[in-house]
Each structure stands twice: as C-alpha cells, then as structure tokens.
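Here is the structure we will look at, set down as structure tokens.
Readers should treat all values here as calculations from the given coordinates under stated rules, not as data from a laboratory. Quick caveat, the model's predicted, so the values are computed rather than measured. Don't worry about glycine lacking a Cβ; one is built from the backbone with ideal geometry, like all the others, and counts go over all protein chains shown.
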Amino acid sequence: MSVHDEGPLLKVMGVTKYFGSRVGCRDVSFDLWPGEVLGIVGESGSGKTTLLSSLSGYLEPSTGTVKYWMGQEGLVDVGRLSDPQRRYLMRTEWGMVRQNPREGLRMRVSAGANVGERLMALGARHYGKIRSEVFKWLDRVEIDLGRVDDSPETFSGGMLQRLQIARNLVTKPRLVLMDEPTGGLDVSVQARLLDLMRSLVSELGLSLIIVTHDLAVVRLLAHRLLVMRNGEVVESGLTDQVLDDPHHAYTQLLVSSVIQP
Amino acid sequence: MEPMIVIDSLRKSFFLHLQGGVTLSVLKKISLEVKAGECLALCGPSGSGKSTLVRLLYANYKARDGKILVRHQGQWVDMVKAELRKVLEIRKLTIGYVSQFLRVIPRIPALDVVMEPLQREGIAAHNARRHAEDMLTRLNIPQRLWGISPTTFSGGEQQRINIARSFIKPYPILLLDEPTAALDATNRRVVVELIQDAKERGAAIVGVFHDEEVRDAVSTCIFEMTFDGGQA
Amino acid sequence: MRKQLVLQPRIKETGLQLIKGYNFAYLDEGTKRMIRRAILKAVAVPGHQVPFGSREMPLPLGWGTGGIQITASLIGPDDILKVIDQGSDDTTNAVSIRRFFTQTTGVRSTEKTWMATLIQTRHRIPETPLRAGQIIIFQVPIPEPLRFLEPRETETRKMHGLSEYGVMYIKLYEDISIHGHIATAYMYPVMVHNRYVASPSPIPRFDNTKMNRMPALQLFGAGREKRIYAIPPYTTVKSLDFEDHPFEIEKWDHCCALCGSGESYLDEIVTDDQGGRLFVCSDTDYCQERRAVGHKGSLPDAVKMAITRVKRGD
C-alpha cells in the first residue's frame, strides 16, 4: 500500500443514524489522517457504537457520507460501494476489533487458521508462506508460538483480544476500528494490550478509531478526541486538551468523574 | 537573534459548569516576546497563571482571545487558531515540554521513554539508544533503572526522565514548568547545564522556576505576572 | 474399505414385470419437466447449486432419492442403465435402484460401463473412462461444501456469490498443521470451471482426477437437501490444494488380487479372523473385463471363485 500525503484517509461528513424516531447519532463529521488515532468517548447510549457501526458498513447511515481514500480512485464514497467491494475493503484495508473477541474470531478453528484466513481468502496458496506469516503476527502480538494450533477456546480474554488484532493486521490494513478493545480485561492485561497498540500504530502507520468509555485508554493512545452525548458530538480537540481543559459541561462532568487510584 | 515566540493580548478564563457556572479568569491580556537563545522566566505569586501560560503555549489549554505565534520551520503559526494536525506537528518537531507531572505508560522502560522523540523522527534505534544512555547518565539515573518502567520511580527520578526526554532532542523551543522541583542540588546543577546548552544552540525557552538560584542562573529575562493574571 | 463375508440370496432379475398404474419412470411429466429445467440451469452455471422441488420417492431420504429423480427425469425407452454403489453393481442399493427403474420403465440395464448411456452411482466413478454422450448421475448427501464451517444458508450463498472461499482453505490448512498433509480422503472439494467450489459427492479423492475435462455429462442430485448441480462435458475441475502441498491420490502397495490391476481403486477385504486380508478392485465391472481378456491377479482360482461369489451376493 503506497504512502499518501495528499489528504485525509477518511472523511466523515454529517453521518446521522436514526432508529425510527430515536437518534442513534447525529451529524458527526471528522477527518482522519494516516497514522492518527481518534478516540470517541461517551457513556452508554452516547451513540459511539452506532457511529462505529455506521462507519464500518454494518449499519447504513440515514444521512451523511463516509469517504475513504483508495489509491488512484482518490476519496471513494464507502456507502456506494457494491457489496463485494465493501466486503473486500473490510478484509484488506480495514480492520475491525470487536469488544467481544469471540464475535471477531472463528472459535472452532485453530489460532493459526484464524490469523491465516484473510490471506487465504485473498488467494494465498502456499502453506509454508502462510504459516510463516502466521508465526510472525502471533509473535508480534506476543502470543506463544506453541499455541498456533490450539483452539481459541483455550485462550484467556487478553489472548483472544490479541488474536483478534493479529487476525486483522495480517493484511496490513490502514484503518482499524476498535470497539472497547480493553473492555472486561484485567488491568495488567489492558496495559499490555494498549502498549501493543501504541507500538503497532507507530510501526505500521496505522490509523485507529477507538470507541471507549475509558478515558485512560484515550489518554494513552489517542491524538484527538470526540466526546459524544445523546448521539451528538459535544466537544472535540486534541486529547490532552479536551481532558485537561474541558469546555463543555458534559466533558467536565466526565473528566471529574474518573476515580484516580 | 530572531524572535521565536510572540504572544499578543492573550486572555484565558475557565467556565466551570459543575460549580454552578463560575467563570475563573486566569490570564488577563498577556503580551510577550521570546527570542532564540533567550530564557524567559515567568514570575509571580501563586495563582497568577504561570503554569496556565505555559500550557497555553503548548496548546494543552485552549485560548479564545489573543494570539500565540510560534516560529515553526521558518513560518509563523498561531497556536490558538492552528489546525490540530499542525499543533501535533509543532509538538513533534518544534516545542519540547517539561510538565510538572510525568505521565507514564506502564511497561515501557525508562530508556525507551527517553529514546522515543528521536525514534519518532526516524533516527536509528542504536543511535537513539546511545543518546538516551548519555542523557540518563548525565542526569544520574543509575543503569539498573534504565530497563524498568518509570511508574515505580521516585518523584525526582520521574522528573529527571521527563527532562531527559525533552532535552534529548534539540527543540527550537522549550517550555519548562518547575523542572527542578523535586531535585537535589547535584541534579539541579545538571539541569542548569542542560538549559545553558540549549540556550547556546539557539533555543528559545520559557520557564517557571520556583528555585531562585536556578532562575538566576539560567534566565535572561524575567516576566512578572500579577496575582490576578495580568502582567506587571 | 472393509467388506465382511456375508451370504446374500441372489435376486433373480429376469421375470420382473413392468408395474402397472405408474407413469413411465414413476414421476409425472410435470415433475420431470421441472427437474429438467433445473438441470439445464445447473449445466449453464457449472458447479452452482440449483434448488429444485424434490419429490417423495419410494425410498427414504438419504438413500439416493436425488440421483433417482435426475435419472427418472432423463431416462427414455432407448436408454441403457447402469447402477453402481461403491463401485459394485450387486450391492443392495444398486440392485434396488436398478430394479425400481426396470419395473417402472422396462428399460434395459447393464453392468458394462462402456455399454451404458446413463450411469447412476453412489460413492465412485467407474474406472473405465466415460465417453461423450454418456451421463453419470451422482447421489449427493450434502451438496454444500462450505456447510461444515458455515451453518447459515444465507451466508454460504453469499460466499458462493462473491467467491469467498477462504474457509475451504482453512480446512486444508488445518489438516496440514495437524497431520502434516491434507487428510481429506473422500468428498474432496473441487473448483469447477474456475468459479464455483463444489462437493464431488462422497467419492474417494482417487476419483477426483477423472472429473477433470470428462467427456461425459456429470450431474449431481441431493434429494433431501433439494439441490441439483452439474459439470458439463470437458469442464475444468481442479481439486483444491496448496502450491507446496499439491493434490495427491491414494496409492496402494498391492495390486488387485483378482485381475492384477495396479491402477484402480482397491477395496480391502478381511478374509479371516487372523487378520488375513486381500485387495480387490472396487469397480467390479472393470475387474471382470480385465479378467475376461486374460489379466490375472495373484490369487489361486478357488479363492477367486469364492470372492467373486461374495461380491455377486450369492
């Protein structure tokens, strides 16, 4: 994938999603550049997960556009892609890490098969080469190589999450969407995962969109922050600026509510 | 020497929704200029907005009125109005910041924390490591601590990691907020040396120095601030 | 494959009457037309599964009703029918199905592959190469090759539509990682005409190579699952594999004990309680033809007679 410097990787313009008369998210706009990490924070019901689903194509936005930079074609309207094109995109240039790793993995095949699947889906037909890519990525996410043929049913929560990351990264995506990636994990496991994500971002020049309710996660990982409440973006800016100098009442509430150990 | 920082009529207030809508006015119309090779010491009583001013320079706080111009790669950029990407670029290449607190990510060894600003620019790991080791040695951080995460360090040790990280790269602009607060005399002297070196190579420095001895040793000019956030 | 020594009464096929009161080949003409339409569609899109209105047949589901319905919709008075099961003309299923067609059509049947116009088969392709103009009809239990990894029909249809066959390779990958080689012995998935992945039915992988560019028409019927698919003559059929683990067929250390063939698919027959065994051709007609022209295996004649009688069902 070529390096590109001419404009944002992702352009989100006025994305709105209604569920009947209920607002999921309203009029969300932002640009995302290569190598940037955007955090989207808010409490339950803030619309952040709806937004993520609208971006990934899992839900179709009621209005608004999502444009993604695709090489020679420039910025392409993701909503106008055909089903096969979108599925291809989700399998190559985009990654999706779900809160519950069991939903993002095939639990009935081995860890190695999980990591190699995208390669095989894209036409890789040399077992030896697939296998060495699998080893490389398992190693990169710090999963013991001896577990390559084990079923993910035998993995801990943190390992499952790292396996999910490896599964997504094997095709070197440029954009990864993450939904509460540290949810439900022990604190030390969270630390390890966040550390991994940081180094992957800087090593691979990944762009990330992380949806979370955990301010510590965004403080650590995100360059920029969107604060959502009741489906709307109430504040946005550099992460440290939003957290240290919150302007909106809700942001101030959020920041002051965090219990410092 | 050419000016590197120009602040014009800067104001800053905080509106605290949670305290019944109280407005806290911290800075009232500040203007100043710092040239390359100068070290401007912000002085004034507690509450006069010294730290706030430093944070505004780093865009850690957001101002609404006034201008904060910094010289970035030969151009003037107004931090108040600049695009976020530009601010991130300025922080990466032009402005180094020693804050009062070191925010540490667990698991990252001290050496890596110090190396990071160099590696971000693409400097090879082994070179970056050498510079980091020199810096840590200079700041009297014992070698046995180099491979450990600073989360377990004492306040003074953490402060020195903070300093190492900001001085390892020759930033054109340095912002120092109480850089010697937790340090003993030996290390205070090291920091003074580092600041002198930086001045000599042409860095423009804005600092808050509680320690009068340090302030007298490094500053080339004093900026007095009043208790209500104005300039004297 | 083991076959036990079982005594079976020989069924006398001479003297069977055409059963009155049934339409030719049991199915009504409307049903035959519906099935032929499905077959045409299937032939037009090689390897693609076409749904059809599978009928109640006088055999339980799982006993070849799909294959029977295809045969019934195609068979005409001038056809010559061969029915085999596991390569043999004389096992229970083959006999029942052949009798069904004889009774409902009066059409001639044969054991000779070269003579047949329609060949209905379960689990094997005859060793004798088929010619243009012949039709081979396979009985298929599970037509969907992706079913084992994806239980949802909605999803598998999408996968076929979008050529998303990564999961098939997962299965092969897992085989190699566990066994060191691709372990699938039968029902080995194939890519038809470079477009659709299909199940060749539960034939041994040995037979997969015969499917490639076969001059005869290959039809596949699944009665319980209600699907028909087809491979037109001279279509490319390639077994899925990896570049560094290419597709391989089974090999034996033995030759057929009866006719001496070293090239056919061999059945293993247990001869006594002391572990004695011998290997004979699974395709009985092929074996007989070879012996008729003088080929011999390593077995003494008396034992040969006994084996032949067993395979004939005496």
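General remarks:
- Other-chain or far-sequence residues with amide H under 5 Å of residue A:237's (modelled H): A:225
- Chain B: relative contact order in percent, alpha carbon pairs under 8 Å with at least 6 residues between: 31
- Sparse-neighbour loop sites [trypsin sites (Lys or Arg not before Pro); region C:134-172; at most 14 other C-beta within 10 Å; DSSP]: C:147, C:152
- The angle separating the long axis of helix A:127-140 from the principal Cα axis of greatest extent in chain A is about 40 degrees.
- In the elastic network of chain B, a GNM with C-alpha springs shorter than 10 Å, the most mobile of B:124, B:132, B:181 is B:124.
- DSSP beta bridge pairing in the protein assembly as shown, given as percent antiparallel to the nearest 5: 55
- Choice from C:41, C:20, C:296 with maximal GNM fluctuation in chain C (Cα, 10 Å cutoff): C:20
- Applying 1/(1 + (r/R0)^6) with R0 = 56 Å to the Cβ-Cβ distance of residue A:249 and residue C:186 gives a FRET efficiency near 0.25.
- Computed label-point distance, nm, for sites residue B:184 and residue B:92 using a 7 Å Cα→Cβ extension: 4.0
- Derived scalar couplings between HN and Hα for region C:247-258 equal 4, 10, 9, 5, 10, 10, 7, 10, 10, 4, 5, 8 Hz in order, rounded to whole Hz, by the Karplus curve 6.51 cos²θ - 1.76 cosθ + 1.60 (θ = phi - 60°), x for Gly and Pro.
- Residue-wise HN-Hα coupling along region A:50-64, computed from phi with Karplus coefficients 6.51, -1.76, 1.60 (Hz; x: Gly, Pro): 4, 4, 4, 5, 5, 5, 7, x, 5, 10, 8, x, 5, 9, x
- Residue with peak Gaussian network fluctuation, chain A [Cα springs, cutoff 10 Å], from A:19, A:30, A:155: A:19
- Inter-site label distance for residue C:23 and residue C:236 at 7 Å from Cα along Cβ, in nm: 4.0
- Taking a sphere under 13 Å around the Cβ of residue A:102 and counting the other residues whose Cβ falls inside, with K and R at +1 and D and E at -1, yields a net charge of +2.
- Mean separation of Cα contacts under 8 Å, 6 or more apart, over the residue count of chain A: relative contact order %: 25
- Net charge of neighbours whose Cβ lies under 14 Å from the Cβ of residue C:196, counting Lys and Arg as +1 and Asp and Glu as -1: +4
- Globularity index of chain B is 1.01 (Cα radius of gyration / 2.2 N^0.38 Å, N = number of residues).
- Long hydrophobic helices in chain B: the complete DSSP H runs spanning 15 Å or more by Cα along their own axis with mean Kyte-Doolittle hydropathy of at least -0.5 are B:110-120, B:185-200.
- Region B:39-109: trypsin sites (Lys or Arg not before Pro) falling in loop per DSSP and having at most 13 other Cβ within 10 Å: B:64, B:81, B:103
- Each Cα pair under 8 Å and six or more residues apart adds its sequence gap; the mean of these over the residue count of region A:107-178 is a relative contact order of 45 percent.
- Helix axis angle, A:187-204 relative to chain A longest principal axis, alpha carbon, degrees: 80
- Label point 7 Å beyond Cα of residue A:19 along Cβ direction - residues of region A:63-98 with amide nitrogen under 17 Å: A:63
- Placing dummy labels 7 Å off each Cα toward the beta-carbon, the span from residue A:27 to residue C:263 is 7.9 nm.
- Backbone N atoms of region B:194-210 closer than 18 Å to the 7 Å Cα→Cβ label point of residue B:76 belong to residues B:204.
- Centre separation in Å (Cα based) which lies between region B:154-224 and region A:84-119: 49
- The Kirkwood radius of the protein assembly as shown, taken over pairs of alpha-carbon atoms, gives through the Stokes-Einstein law at 10 °C and 1.306 mPa s a diffusion coefficient of 49 µm² s⁻¹.
- Check: region C:156-273 dipole with +1 on Lys, Arg Cβ and -1 on Asp, Glu Cβ, in debye: 1060
- On Cα atoms only, tilt of A:111-121 relative to the major axis of chain A in degrees: 80
- On the basis of the beta-carbon distance and an R0 of 35 Å, residue C:244 and residue C:59 show a calculated FRET efficiency of 0.20.
- GluC sites (Glu not before Pro) within region C:12-64, DSSP loop, no more than 10 other Cβ atoms inside 10 Å: C:56
- Residues of region A:169-194 falling in the label zone of residue A:129, defined by backbone nitrogen less than 17 Å from a point 7 Å along Cα to beta-carbon, are A:170-172.
- Bridges between two residues of chain C, per DSSP, are antiparallel at a rate of about 55%.
- For region A:85-148, with +1 on Lys and Arg beta carbons and -1 on Asp and Glu, the positive-most of A:99, A:127, A:137 along the dipole: A:127
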